[in-house]
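Inspection log for the structure reproduced underneath, given as C-alpha cells.
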Amino acid sequence: MIDESNQIPSIIRQIAVSAAGAGLAWAMHLVLRRISPITTTTRLIWIAGLSILAGCLFALINSFAFYVLSLFTNELCVDGTVCTPAYLWLVAKEY
C-alpha cells in the first residue's frame, strides 16, 4: 500500500464491504433469533441455508464494489478496464 498512489477508493470499498458483511451477519442473527425450531437438526438446516445465501450475497456485493462501482471518473477496476455498470453482468456470471 505504501508504493501505491491514491488508495482512498480502495479503502472506501473495503469499509463498505466490511459494513455489508457485518450487516449480513447481524441480519442472520436476527432471523435465527425469531425462528423457534423444534429440533437441533432443524436449527442447523436453517443456519446452513442462511449461511449459503449470505455467502453468495456477500460475494456479489464484494465483486460489485471492486469490479463495477466507479467512485471517481475514469477510475480503473481491478482488471485494468474502466468500471462501467454493464460490467456487473459479466462479474455476476463469473461468481
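Being surrounded by 14 or more Cβ atoms within 10 Å (Cβ to Cβ) and of a type in the set (A, V, I, L, M) is the filter here, so list the residues in the stretch 35-68 that pass it.
Residues satisfying the conditions are I47, L50, A54, L57, L60, I61, A65, V68.
Could you please find all residues in the stretch 41-87 being modelled with pLDDT of 85 or more and among the polar types (S, T, N, Q)?
Of everything in the stretch 41-87, those that are modelled with pLDDT of 85 or more and among the polar types (S, T, N, Q) turn out to be T41, T42, S51, N62.
Would you mind finding the one in L90, L32 that is touching a Lys or Arg at 6+ places or on another chain (Cβ under 8 Å), at pLDDT below 90, surrounded by 10 or more Cβ atoms within 10 Å (Cβ to Cβ) and outside any strand (DSSP E or B)?
Exactly one residue qualifies, and that residue is L32.
Just to verify a result, which residue in the stretch 9-29, among those that are without any contact (Cβ under 8 Å) to a residue 24 or more places away in the chain and open to solvent by 70 Å² or more (accessible area, probe 1.4 Å), is farthest from F58 (Cα to Cα)?
Top of the filtered list is H29.
The values are calculated or read from the model by the stated rules, or taken from the named source; none is laboratory data. Note that the structure is predicted; figures quoted are calculated from it, not measured. When we count neighbours, we look across all protein chains shown, and the Cβ atoms used for this are built from the backbone with ideal geometry, even at glycine. Protein only, heavy atoms only, side chains kept; ligands, DNA and RNA dropped before computing areas. Shrake-Rupley method; radii C 1.70, N 1.55, O 1.52, S 1.80 Å.
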